[in-house]
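Taking it in order: structure first as structure tokens, then the write-up.
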Amino acid sequence: MSNLKRYAVAALMLAGGTHVAIAAEEITTKRSSHPFIATLERLEASAKARGFTIFARLDHAAAAAAVGQTMPPSTVLVIGNPKVGTERFLRFPTLAIDLPLKVLIWEDQSGAVWVTYNNAGHMLTLSQRHGLPASDAAKEQATRTEAMMATITETAAR
């Protein structure tokens, strides 16, 4: 990402924008109206309510503390649906290096809480990376997955 684009995104975030999409980076970031822990708990509940399994919580702030460093709260939830993922992994085993899906909940230096996830563009890049056929069906699946991620994260952030 160019420095100019980084500065623009940072300015939007500091200005209190509620939704920032960074197409070149294939991620979507939304500002949460809740504190960090509440956002994390709401995200987990939203994912579970939609049939996702929570495979892991990766607490980056705790890892930093373990080596004597400090950072604002930052946790990645690893979520997926084995009913959907298993078939894909059987057909395209290397896909498992990039899936299940991940959602980052993080707090910036000013105390604002954000939710970030990979969008459909990233999902299509993953498909190509692992040899899945580029097709309208693949695009449709990526769009459906992104819509589900948007719903889950919006429920957590608003």
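Summary of values
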{"quantity": "Search result, residues across region 128-147 that are without any contact (Cβ under 8 Å) to a residue 24 or more places away in the chain and in a helix (DSSP H, G or I)", "calculated": "GLN128, ASP136, ALA137, ALA138, LYS139, GLU140, GLN141, ALA142, THR143, ARG144, ALA147"}
{"quantity": "Odd one out for THR86, checked against (1) in contact (Cβ under 8 Å) with a residue 12 or more places away in the chain; (2) over 19 Å from TYR117 (Cβ atoms)", "calculated": "(1)"}
{"quantity": "All positions within region 50-84 that are of a type in the set (A, V, I, L, M, F, W, C), part of a helix (DSSP H, G or I) and touching a Ser or Thr at 6+ places or on another chain (Cβ under 8 Å)", "calculated": "ALA61, ALA64"}
{"quantity": "Residue within region 4-17 that is at pLDDT below 85, surrounded by 13 or more Cβ atoms within 10 Å (Cβ to Cβ) and not in a helix (DSSP H, G or I) present", "calculated": "yes"}
{"quantity": "Failed item, numbered, when THR29 is tested on (1) without any contact (Cβ under 8 Å) to a residue 60 or more places away in the chain; (2) not in a loop (DSSP other than H, G, I, E, B)", "calculated": "(1)"}
{"quantity": "Some residue of region 105-115 being within 20 Å of PHE52 (Cα to Cα) and of a type in the set (Gly, Ala, Ser)", "calculated": "no"}
{"quantity": "Residue list for region 105-120, filter: in contact (Cβ under 8 Å) with a residue 40 or more places away in the chain and surrounded by fewer than 18 Cβ atoms within 10 Å (Cβ to Cβ)", "calculated": "ASP108, SER110, ALA112"}
{"quantity": "Failed criterion for THR125 (all others in (1) in contact (Cβ under 8 Å) with a residue 60 or more places away in the chain; (2) surrounded by 15 or more Cβ atoms within 10 Å (Cβ to Cβ) hold)", "calculated": "(2)"}
{"quantity": "Subset of region 76-120 that is within 19 Å of ALA142 (Cβ to Cβ) and aromatic (Phe, Trp, Tyr) - its residue that is modelled with the highest pLDDT", "calculated": "TYR117"}
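The values are calculated or read from the model by the stated rules, or taken from the named source; none is laboratory data. Here the structure is a predicted model, which means the values were calculated and not measured. Note: ideal-geometry Cβ built from the backbone for every residue, glycine included; neighbour counts use all protein chains shown.
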